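Below is one structure; the comments refer to it alone.
The values are calculated or read from the model by the stated rules, or taken from the named source; none is laboratory data. Every value quoted in this text rests on a predicted model; they were computed, and no experiment measured them. Cβ placement follows ideal geometry from the backbone for every residue including glycine, while neighbour counts extend to all protein chains displayed.
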Amino acid sequence: MAFEKISNGIHDLNTNVQAFLHSNSEYYKLKAFKQGMRGATSLVRFLILAFLLSTAGIMISFALAIVISEAIGVPSSGYFIVGGFYLLIFILILIFGKEPIEKLMLRKFSKAVFNDNK
């Protein structure tokens with residue numbers, strides 16, 4: 001009699017542990033899916049905004065180069081000045097930008113991944 005109660009108790013415990021593990025694994029699958037989708041939507045949003053911003057930047061750069069060329073009177077000078085400005089910005093970011101960019105990216109993505117308020 002006591003052996004049957006212990007056996008039934010162990011069987012119930014086994015069933016409860018299996019149900020707990022199954023629900024726990026489902027929870028973590030759902031959490032991983034949520035984090036993955038949050039990352040994917042952030043990536044798509046970033047790519048769309050980057051495309052639009054770069055297109056606007058190219059148009060503004062051409063317009064600025066044309067204005068500078070007309071002001072100086074040498075047709076290609078504006079393009080060289082604008083290109084030199086972008087080359088200078090590139091070199092400055094290459095030399096001084098690694099640490100600030102890493103901090104910004106780490107802060108931004110850690111806030112997106114570890115903030116569960118949404």
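The residue list 42, 61 contains one member that is more than 30 Å from residue 80 (Cα to Cα), surrounded by 10 or more Cβ atoms within 10 Å (Cβ to Cβ), in contact (Cβ under 8 Å) with a residue 12 or more places away in the chain and not acidic (Asp, Glu), which is 42.
Could you tell me whether any residue of segment 25-40 is at pLDDT 95 or above and of a type in the set (Ser, Thr, Tyr)? No, segment 25-40 contains no residue that is at pLDDT 95 or above and of a type in the set (Ser, Thr, Tyr). Scanning segment 64-81 for residues that are in a helix (DSSP H, G or I) and without any contact (Cβ under 8 Å) to a residue 12 or more places away in the chain yields a count of 7. Looking across 112, 65, one residue alone is of a type outside the set (Val, Ile, Thr), in contact with a helix residue (DSSP H, G or I) (Cβ under 8 Å, 6 or more places away or on another chain) and at pLDDT below 90. It is 112. The residues listed here are 10, 48; of these, the one that is modelled with pLDDT under 85, in a helix (DSSP H, G or I) and surrounded by 10 or more Cβ atoms within 10 Å (Cβ to Cβ) is 10.
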